[in-house]
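Notes follow once the structure below has been shown.
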Amino acid sequence: MSQPLLLRFTFLHRVVHWVVGMTFVVLLLTGLAFSYPSLFWLTTLLGGGPAARVLHPQIGAVFGVGLLVMFVLWVRDMFLDAPDRQWLGAIKHYAAHEHDKVPPAGKYNAGQKLFFWLQSLLGVLFVATGLLLWFPESFGSGLLNTMRLLHFAAALAGGLLLILHVYLGTVAYPGTARGMIDGKVTTAWARLHHPRWSGERVER
Amino acid sequence: MPDTLAIKRISASPSALIPLESLRSGGPVYSKLVDISKCIGCKGCEVACKEWNDLKVEQTSNFGSMQSHKDLSSNTWLLMRFNEVEIGDDLSWMIKKDACLHCEEPGCLFACPAPGAIVQYQNGIVDFNQDQCIGCQNCVSGCPFDIPRFDKETKTVAKCNMCIDRVEVGLEPACVKTCPTNAIQWGIKDDMLALAEKKVETMKRRGYEHAALYNPGGVGGTHMMYVVPHGDRLEDYSLPAHPVASPAPLGGLNVLRRVGSYLLGFGVLSALAHFLAVGPMSPEEDS
Amino acid sequence: MASLAATFGRGAMTNHWKDIKNADVVLVMGANPAENHPCGFKWALEARDENGAKLVTIDPRFTRTSAVADKHLQIRPGSDIAILGGLIRHILTNDLHHADYVRAHTNASFIISGDFGFEDGLFSGFEEAGSRYDKTSWSYQRAADGYVRRDPTLEDPQCVFQLLRRHYDRYTPAMVAQIAGCSEEKFLEMADIICSTGRADRVGTIMYAVGWTMHTVGSQIIRTGAILQLLLGNIGRPGGGINALRGHANVQGATDHAIVAGILPGYLKVPTPEQTTLAEHLEASTPQPLVPDTVNYWGNYPKFLVSQLKAWFGDSATAANEFGYHYLGKPDGDATWLSIWDEAYHGRLEGFITLGFNPLLAGPDIPRLLKSMSRLKWMTVIDPFMLDSAEFWKAPGMNPAEIDTEVLYLPTTHWIERDGSFTNSGRWAQWKEKAIDPPDGVRSDTWVLSELFWRVKELYQQDGGAYDEPIQNLTWAYLNPREPTLVELAKEINGYDHETGQLLSSFGQLQDDGGTSSGNWLYTGSYTEAGNMMARRGTADPTGLGMHHDWAFSWPANRRVLYNRASADAEGRPWDPSRAGIAWTGREWIGDVPDYGRTTPPDAAGAFIMTEEGVARLFSSQMADGPFSEHYEPVESPTGNALHESVPVNPVINWYDGVRETLAAEGDDFPHACTIYRVVEHEHFVTANVPLLVEAMPDFFIELPEGLAAEKGIENGGRARVWSKRGEVEGVAIVTKRIKPLTVNGQTVWTVGIPVHWGFAGGTGSTHASMANLLTPFIGDANTRCPEFKAFLVNVERA
Amino acid sequence: MPISRRTFLKASVAGVGISALGFDLKPAYAAVRQLKIRNAREYKTVCPYCAVGCGTIAYVHGSGGLNTTNTIIHVEGDPDNPINGGTLCPKGASQMGLAISPRLRKSPMFREGGASEWREVDWDFAMDWLARKFKESRDATFTEQDSQGRTVNRTNGIAWVGSATVANEDAYLITKTMRAMGLTYIDHQARI
């Protein structure tokens, strides 16, 4: 018996998400390969060291553009409102799955919104430092060293976010991932995680 | 493998930081010694380097100097730099052979992410292996002497390899062999240090009171050392006074590496722990 | 070289490259060995660091040699005699000369004619009309026995020593500074170093090159240096000497073998029209001893010449036909470089053949040379590379349609495609092996020469023509007459004993009766029955002085230091036992190959075996322009002559027609002194064909002092234009601290430096058509007619 | 910051647990090229440039057999030569570039009077032309006796210059031949 479904993400949203997501994974893996000698073998995924080093910034460019589109598509929904602030106050209940103690979230909960802003910030950092590292002969070695550290630090933060994102989107909250596959979620899922958004949708 | 080519460090491998040791570690350790007071700036070494190593001829143009190129390149591993400096009433024409110093603690190698792209041999030579190089140019920023150069055609980085093919069979590097005034000497590093001491004395006798050996400790010493007549004016020879290569400038990177590995590990583990603690949260099938 | 022969009896580098390491003082003047002879220069640095020697440079520019010298003195181009004369005065006024040496080995004690004198810039005997000297008054006084009068006390007012003292007394430090533009203090500091070797236990050397020879007083500059070295007792000794650093790989050998106007191989003399018989030639060319105790080796001249004629004309050279004496052309005057061009300029020369040489770029006054070439009927250029000279009709400003000269270019082999020997500056003849074959289509110089010879010979046999007897009778007994091997030629040069058919082993075996042949007596012993001495590779050095007698062959007789008898005192004891050239053991000489017979006792004769005096000449009547040197200004000078206003320039130089008009005159605006030079990255013009060297020194440039550049608004790396009365050049400006302003006769003088290496025919770098010799004057030295490349006037502006 | 083996291992293993043991050294060795003169034959020669007379060794590839051509691959100083002890200046160090310069010419060229370009000619034409010109000018300008009736046997119409770059033996042959031809205008680079 099929449950009633709600459209959570349009085709465009999904494409952009996966472009950004997949490029980020590749960038993270190759980046780790460049940073950890013991992970250098990961460059094999892109055809070996030289190819990985050539592709990394090029994929980075795609990532940067995707991130920009993503920002434009999503930013309207990402401003925190009063319920969001209450949600943040109750974040430990959210983590403990004490559903009833968490103020109802809209289409995006405050955590997702913060995630968005953090991701956007890191994106700027990636692109800015990455661009300099792409053309090292044009810059001094001191500056490049700093850029390399920043790029690395940003990547670590991004990696943590990715773990969180994937965990929450898959095993922690089953049913979530589907929203990024065919774009639809069940009403039950919506009521549970985004009650205010589901309310709106149902009323309509 | 011949004894002369026992490996000491390989980039992006554990040996980068903990030098390999073997039965052959006690083999000869070489060094060039450049006596700047005997250098006539003839460019014999510069040309011999290009000839021996089959480096490409580059289009140059005179830019108001006796110097041939403005800078080193992936096809010019050795460049004579000319600088006219007035010291009191006297003119000093400072002419310096600029090329890789082959640091004992090579910053390029520490910075290199590509395993085997940079190799340090027990004999002191630091060599780039273009086949393994990924062209990231981390070595360029890792070098405290600004020596390695990226080649836009091959997308790899190149620099002086101390004519390792010659050294391997017991010959001196091409620049050493050719130097008309024997301003560049070659030998066991300890012998070169002793020779340098003698040369410093000779220079002091000739009135260069600041004469000094340039073998900077910040990079663990080098395998091309200079004897500098004006040891108090290193900047005029474009020699950094306190170059540092060791893992120190890359310390940040190492901290990040460690922090990062903990952090990502922590991230994965916490997610796991969370899952085990509270499990998944699914909507009730039927609410 | 003329001046060295006039002083010592031979015109060559007295010592050799490795010997320089034995010096206590190395004076580099009129040379830039760090750039032009880098590998030989190593021995100067070896002396500096291992012997504690002082290495000093005197030059208009602070060169790469100066960069490693202990002291540098900047002087005005053309003021060399003032400096060296000042050094001589410094020695004589402070008694710094090596008194025993001067007494034993020079003509200091010889007494000169009472008629000799010097006044107002002119020596006695000047003939206004011919611009020449009547040298009668420059002669020695003779005693009743016909030999020269001598005064061993050196006190006779007409003895050479006293005349020398009086002559150079005018060269005070103040005068030197006024002429050369340096400061008195700096000059005296330099003088103290250079004049410190007038002792038995110290020795100094001079390294000079074309910076001395390329002046209208070039020979006299060298003479002054030679006098200086004689006073200091530095000639003949290891670590001493006066060392002419020669330019090309085999310029010494080509001179020894006389591709030179006026001489035959071995420095024999080209006969003159006045010498109408062989006997007259021999009499005029064979010096008679002036003192009883002299070897007077040139007394063997007849043996050398007759053996040479035998080598050339074989069985056709007989006593009956004066050994073919009249087969040799007798020139009607000077036939040197400038005279050749003058003949061409005036349309008297029909054909011009040049081999391994780019004569147009060599200059001087390229605009004049271009006109001269255009007036030739035909020209042939033989060289591995196409040369600017062959393409003169394509030079900027030339209109090929108006030039009727027919030109043939022949590609020939280069050094590594042939064997043969090169004689280096230090007189070492070293055999080289052939490494590769020439490409198809390229012939050897020997082939071209043989082919030319045979075809001309055959044409004469067919058609007859002007006196072809010498051509028909020239020996050509080679296995392949169309391309003799160089080994065959080397043997012919060495010579044979005709009785035994054996190769000779020493020029002592030569005969004047036709019993021996030898192409060049100096090389007798270079290819003997024992083999090719020039190919020897023994590295032993038992003396420790770097003589290496088992390496190659050094003329004469494998002697490494010329005049080495003078390295020992009158009794044959070395002046400095730690640096003994030769030493008398009581029975024989040990050390270098002695200048004497090995068992000739020390008191048998004077040390200088090649002079009829038996000693070296402080006073020499063999020079055209004075028995002593005198400072004369270059023909283009920024100032008057401070010593004698009325005789500013060398009074006996030859002025070719129309040359005076090409010099800066009163009222012309050419205020700056200019000198041309060479850089280490290039060798004349040939290295324009070597990509790595073009890369190392790409462009024609102009070296400008900072102050002058600032005055003219020229930036470093910007472009400058330099012009003389004769032509102009344009190039990149190298603005430098290495040339300072000079104060000459109270006025500021700037010096501009210009390298010679660029031509127009697709030469090096991007700056075509800028050839240093567009600027230089067509005038030469009074003795050798070596052009005055090194000092002339220009103006400069921003381009 | 002293780095010990232990801390390094922690750094690399803690995060990901990939061991770098068993690292392959072969690529590093492969990078060292073989000595290019290893199988070359050596010829002892002398530098063609200045008059120091540096000994050099030309390294040549080729069997030396009949119908084979040697290829020069490198030239460097002859360490046994007492003058230079194996050293060479930039000119000497690059002399192979002269020996195989792309600008070496392979054919005689001829320029007619008034022409603005060269034309290629063969050796037979070239030598025939030269011999005829030589004889023509010699015949036209030869003087057997001067105005005072003295035998001079000279020709002033042809000059020969050079060279200080040929071997002694060729230099000698030049002098011998040209003096026998009656030339007096003979000179070379010694003066300039």
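The values are calculated or read from the model by the stated rules, or taken from the named source; none is laboratory data. Source: prediction; values computed, not measured. Ideal geometry is used to build each Cβ from the backbone, glycine not excepted, and the neighbour counts take in all protein chains shown.
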Checked the stretch A:171-191 for anything part of a helix (DSSP H, G or I) and either more than 10 Å from every other protein chain (Cβ to nearest Cβ) or not polar (S, T, N, Q) (or both); matches are A:VAL171, A:ALA172, A:ALA177, A:ARG178, A:GLY179, A:MET180, A:ALA188, A:TRP189, A:ALA190, A:ARG191
Is the stretch C:466-487 home to any residue that is modelled with pLDDT of 95 or more and farther than 30 Å from C:GLY351 by Cα? yes
Just a yes or no: is a residue in the stretch D:106-121 facing another protein chain (nearest Cβ under 7 Å) and part of a helix (DSSP H, G or I)? no
Which of the helices (runs of 4 or more DSSP H) contained wholly in the stretch C:236-334 include at least 3 residues that are surrounded by fewer than 24 Cβ atoms within 10 Å (Cβ to Cβ) and either at pLDDT 95 or above or out of contact with any Leu (no Cβ under 8 Å at 6 or more places or on another chain) (or both)? C:278-285, C:301-313
Among (1) under 19 Å from the mean Cα position of the chain (by Cα); (2) away from every other protein chain (no Cβ under 14 Å); (3) not small (Gly, Ala, Ser) - the single one C:PHE41 does not satisfy: (2)
For D:TRP129, state whether it is within 7 Å of another protein chain (Cβ to nearest Cβ), of a type in the set (Phe, Trp, Tyr), within 30 Å of C:GLU469 (Cα to Cα) and not in a helix (DSSP H, G or I). no
List every residue pair whose Cβ atoms lie under 7 Å apart, where the two residues are 6 or more positions apart in sequence or sit on different chains, the first residue falls within the stretch A:175-194 and is under 8 Å from A:ARG8 (Cβ atoms), and the second residue, located anywhere, is among the β-branched types (Val, Ile, Thr) and surrounded by fewer than 19 Cβ atoms within 10 Å (Cβ to Cβ). A:GLY183/A:THR10
Restricting attention to the stretch C:533-555, and to residues there that are more than 20 Å from D:GLY86 (Cβ to Cβ) and among the polar types (S, T, N, Q), which single residue is surrounded by the fewest Cβ atoms within 10 Å (Cβ to Cβ)? C:THR543
Condition first: of a type in the set (D, E, K, R), touching a residue at least 60 places away in the same chain (Cβ under 8 Å), assigned to a strand (DSSP E or B) and within 29 Å of C:SER637 (Cα to Cα). Can you find one or more residues in the stretch C:64-71 that meet it? yes
Whether any residue in the stretch C:78-89 is under 25 Å from the mean Cα position of the chain (by Cα), farther than 27 Å from C:ALA31 by Cβ and surrounded by 19 or more Cβ atoms within 10 Å (Cβ to Cβ) is what I want to check. no
Does any residue of the stretch D:76-96 turn out to be assigned to a strand (DSSP E or B), under 14 Å from the mean Cα position of the chain (by Cα), surrounded by 18 or more Cβ atoms within 10 Å (Cβ to Cβ) and more than 9 Å from chain C (Cβ to nearest Cβ)? yes
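Just the residues that are in contact with a Gly (Cβ under 9 Å, 6 or more places away or on another chain) and closer than 30 Å to D:LEU104 by Cβ, please, taken from the stretch C:657-685.
Result: C:ILE676, C:TYR677, C:ARG678, C:VAL680, C:GLU683, C:HIS684, C:PHE685.
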C:GLY347, sole failed condition from (1) in contact with a Ser or Thr (Cβ under 8 Å, 6 or more places away or on another chain); (2) of a type outside the set (Lys, Arg); (3) assigned to a loop (DSSP other than H, G, I, E, B): (1)
Every pair of residues 6+ apart whose Cβ atoms lie under 8 Å, when the first sits in the stretch B:257-276 and is under 29 Å from B:PRO14 (Cβ atoms) while the second is outside any helix (DSSP H, G or I) and among the aromatic types (Phe, Trp, Tyr): B:ARG257/A:TYR36; B:SER261/A:TYR36
Residue ID - surrounded by the fewest Cβ atoms within 10 Å (Cβ to Cβ), chosen from residues in the stretch C:44-63 that are in a helix (DSSP H, G or I) and more than 7 Å from chain B (Cβ to nearest Cβ): C:GLU50
Those residues that are within 14 Å of chain B (Cβ to nearest Cβ) and buried (at least 21 other Cβ atoms within 10 Å of the Cβ), I need them from the stretch C:706-728; list them, please. C:ALA709, C:ILE714, C:ALA720
Quick one: C:TRP750 ticks every box in (1) aromatic (Phe, Trp, Tyr); (2) in contact with a Pro (Cβ under 9 Å, 6 or more places away or on another chain); (3) within 20 Å of C:PHE685 (Cβ to Cβ) bar one, so which box is it? (3)
Looking only at residues in the stretch C:533-560 that are among the charged types (D, E, K, R) and under 20 Å from C:ARG579 (Cβ atoms), which one is farthest from the other protein chains (Cβ to nearest Cβ)? C:ARG559
Taking the stretch C:415-433 as the region of interest, how many residues are closer than 20 Å to C:LEU489 by Cβ and more than 7 Å from every other protein chain (Cβ to nearest Cβ)? 4
Here is a list: C:ALA2, C:ALA34. Which entry is in contact with a Ser or Thr (Cβ under 6 Å, 6 or more places away or on another chain), of a type outside the set (Ser, Thr, Tyr) and surrounded by fewer than 24 Cβ atoms within 10 Å (Cβ to Cβ)? C:ALA2
Among the residues of the stretch A:80-123, how many are surrounded by 14 or more Cβ atoms within 10 Å (Cβ to Cβ), out of contact with any Gly (no Cβ under 9 Å at 6 or more places or on another chain) and under 30 Å from B:GLY135 (Cβ atoms)? 0
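Residue by residue, here is whether (1) buried (at least 22 other Cβ atoms within 10 Å of the Cβ); (2) modelled with pLDDT under 95; (3) under 24 Å from B:ALA211 (Cβ atoms) holds:
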site: B:GLY41; (1), (2), (3): yes, no, yes
site: B:ASN53; (1), (2), (3): no, no, no
site: B:GLU84; (1), (2), (3): no, no, yes
site: B:ASP90; (1), (2), (3): no, yes, yes
site: B:LEU109; (1), (2), (3): yes, yes, no
site: B:ASN123; (1), (2), (3): yes, yes, no
Restrict the check to the stretch C:764-771 and report whether at least one residue is more than 10 Å from chain B (Cβ to nearest Cβ), in a helix (DSSP H, G or I) and not polar (S, T, N, Q). no
